[in-house]
Amino acid sequence: MRQLLAACLFSLGCTNEPSSSVRAPLLSGPCPALPFAVGQVSDDRLDEISGVTESRSSPGVFFVHNDSGDSPRFFALDRSGRLLAELRLETVPRLVDAEDIAVGPGPGGRQFIYLGDTGNNVASGGIGIPRRKAIVYRIPEPRVELSARQLNIVLKEAFPIAFTFPNGARDIEAFVVDPQSGELTMISKQADGRSQLLTASAATLAAGGGELEAAGELRFGHAPLAGSPLPTSASISRDGSAILVRSYSSVFLFRRNGGESVVSALARAPKRLPSPRGRGGEAVSFAELDSAFLTISEGDNPEIHCASLAP
């Protein structure tokens, strides 16, 4: 399936130029103005990273996960790509196709990891029988320190939130949980670039899910969302004032006004940020307390790039 999907994406022009076999030295210190390699993931347990988000309790720690085919788990890395911990979900029997990960509020005002088993390549490609539901697992954010060294952590709490879709199944690879309202906003991935915005309130999340609400549409592959027609990841700042959306070729920054919904902010023309060249972009996160953004490409031994965000 992965090889078939990769061939399809290449035919759509969704990948960038192959990365060079000669790698530049990694950067230490603050992220520069343009994307630069600050790390590389070398642990063979991470062979196809699909999502990344920065810890709220331990800045500089990033939670990542593999694409389809992995066991129920995710990982913690530092910016250099060093593995801090493997976190296994004891109560989750299977992940079908995990595609994105976020940190956001939940019951009791606590911070939670939201791991989205929301991938649906069949729905995106229009061939075969798609999954009828998507599941997002809500997990209390674990404490992982930058000093950790390849810990093995078993997590016993993973609350499943199941969603159905209005007007047919969707492939979801990008979502955020609003730190202000607790609302979930998903961005569907469609081959024609017409990505549907789908939402669920904090109350719906707390109740264990339900039908998502159609809330609008973004058109990728055309200005102002030029480049690849396929969105692959999203991230929201700690205060909810900015949103990042990643496609295979581009990174877009949406600014959000006070009192505005995430959907309304996404309807505004974004700023297109410089994105690293190389293999197709798969994951994006705010970094350095929201003063920068970090991206990770797909495939084996991917580089980690970061760049600062202008005020």
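Side notes on the structure shown:
- For segment 27-177, a simple Cβ point-charge model (Lys and Arg +1, Asp and Glu -1, everything else neutral) yields a dipole of about 460 debye relative to the Cα centre.
- For segment 36-308, the relative contact order comes to 19 percent (Cα pairs under 8 Å, sequence separation of at least 6).
- With R₀ set to 30 Å, the beta-carbon distance separating R110 from S80 gives a calculated FRET efficiency near 0.55.
- From its DSSP helices (H runs of at least four residues, each -39,500 (n - 2.57)), the chain gives a residue-normalised ellipticity at 222 nm of -2000 deg cm²/dmol.
- If R0 is taken as 25 Å, the Cβ-Cβ distance between N257 and R56 corresponds to a FRET efficiency of 0.60.
- Between V154 and S181, the simple label model (points 7 Å from Cα in the Cβ direction) yields a spacing of 4.0 nm.
- Stretch gain in nm, segment E211-D300, where the contour uses 0.36 nm per residue and the Cα spacing is subtracted: 28.4 nm
- Considering only T199, Q180, A162, the residue lying farthest towards the positive end of the dipole of segment 157-228 is T199, judged by Cα position with unit charges set on Cβ.
- For segment 164-297: rounded, prolate or oblate by the Cα gyration tensor [a/c cutoff 1.5]: oblate
- Counting only residues at least eight positions apart within a chain, or on another chain, the lysines with an alpha carbon under 30 Å from that of K189 are K133, K271.
- Among the GluC sites (Glu not before Pro) found in segment 67-117, those both in a DSSP coil and sparsely packed, with 14 or fewer other Cβ atoms within 10 Å of their Cβ, are E90.
- Contact order relative to length of segment 104-191, as percent, for alpha carbon pairs under 8 angstrom and 6 or more apart: 32
- Placing pseudo-labels 7 Å out from each Cα toward the beta carbon at A310 and A223 gives an inter-label distance of 1.8 nm.
- Per-peptide average of other Cβ atoms within 10 Å, ordering 56-66, 112-122 highest first: 112-122, 56-66
- Each part reduced to its alpha carbon centroid, segment 95-114 and segment 45-68 end up 12 Å apart.
- Segment 21-141 shape via C-alpha gyration tensor axes, a/c threshold 1.5: oblate
- Charge tally around D171: other residues with Cβ under 11 Å, Lys/Arg +1 each, Asp/Glu -1 each, net 0.
- Extension gain, A269 back to N167 (0.36 nm per residue minus Cα-Cα distance, nm): 34.1 nm
- Rounded to the nearest 20, the Cβ-based charge dipole of the chain about its Cα centre (Lys and Arg +1, Asp and Glu -1) stands at 300 debye.
The numbers here are math on the coordinates, done by the rules we state, and not lab data. This one's a predicted model, so the numbers in the text were calculated from it and none came from an experiment. Cβ atoms come from the backbone with ideal geometry, glycine included; neighbour counts cover every protein chain shown.
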